[in-house]
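As structure tokens, the structure follows; a few thoughts come after it.
The values are calculated or read from the model by the stated rules, or taken from the named source; none is laboratory data. Computed from a prediction, not measured in an experiment: that's the story for all the values here. Positions of Cβ are generated from backbone atoms using ideal geometry, with glycine treated the same way; all protein chains shown enter the neighbour counts.
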Amino acid sequence: MLVAYFSRSGNTRVVAGLIGRARGAEVFEIRPATPYPEDYLETVELARKERDSGHEPALEAKVPNMADYDTIFLGFPIWGETAPPLIRSFLSAHDLSGKTLVPFVTHGGYGLGNSRAVLASVAPKARLHEGFAMEADQERRTMDRVSEWLKASAAKS
Ligand SMILES: Cc1cc2nc3c(=O)[nH]c(=O)nc-3n(C[C@H](O)[C@H](O)[C@H](O)COP(=O)(O)O)c2cc1C
């Protein structure tokens, strides 16, 4: 078994670690060759462009021994109501024919969007399981609350 995941702000990383420990599985972090911006809004904008153009950003690394695994737990956040472009890159770069693909997804409260359809179309020969999804903290909410507080405290000083 392999646990492969992409996580920008850490929510999906926590789930990946839990699955890895519970199943005694190897854990592989899917990273882009060029990191996404630190800034949330810049990331949203870039992700939107990549989604709309169908761009598949380059991976920092591939799983060297994919043939050794029968079951892949694949974790990612929902970005722009779908799977992040980097997940398409990951699926295109590896042959998952005949393997069991178990998605685990975190989202900010708006659900899975069309992410399942993306997995089914980019990895058509994998056996796609239902997997796991949960709502997790959204950076936008944190950003709005902190900005409000900073604005209010600037007004007082
Ligand atoms: C670029 C971007 C786009 C997002 N789009 C959505 C969305 O369409 N629907 C949603 O419910 N949450 C959305 N979110 C929130 C994330 O899915 C959620 O916070 C997730 O748990 C982040 O996982 P991570 O910490 O592993 O990166 C978005 C977050 C980012 C950074």
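Being within 13 Å of the ligand (Cβ to nearest atom) and at pLDDT 95 or above is the filter here; which residues of the stretch 19-40 pass it?
If the condition is that a residue be within 13 Å of the ligand (Cβ to nearest atom) and at pLDDT 95 or above, then GLU29, ILE30, ARG31, PRO32, PRO35, TYR36, PRO37 are the ones that fit.
Go over the candidates LEU101, LEU112, LEU91, LEU96 one by one and state the one that is within 16 Å of the ligand (Cβ to nearest atom), surrounded by 13 or more Cβ atoms within 10 Å (Cβ to Cβ) and of a type outside the set (S, T, N, Q).
Checking each option against the conditions leaves just LEU112.
Being under 22 Å from SER9 (Cα atoms) and surrounded by 13 or more Cβ atoms within 10 Å (Cβ to Cβ), is that true of even one residue in the stretch 121-132?
Checked against the condition, which is being under 22 Å from SER9 (Cα atoms) and surrounded by 13 or more Cβ atoms within 10 Å (Cβ to Cβ), the stretch 121-132 yields at least one hit.
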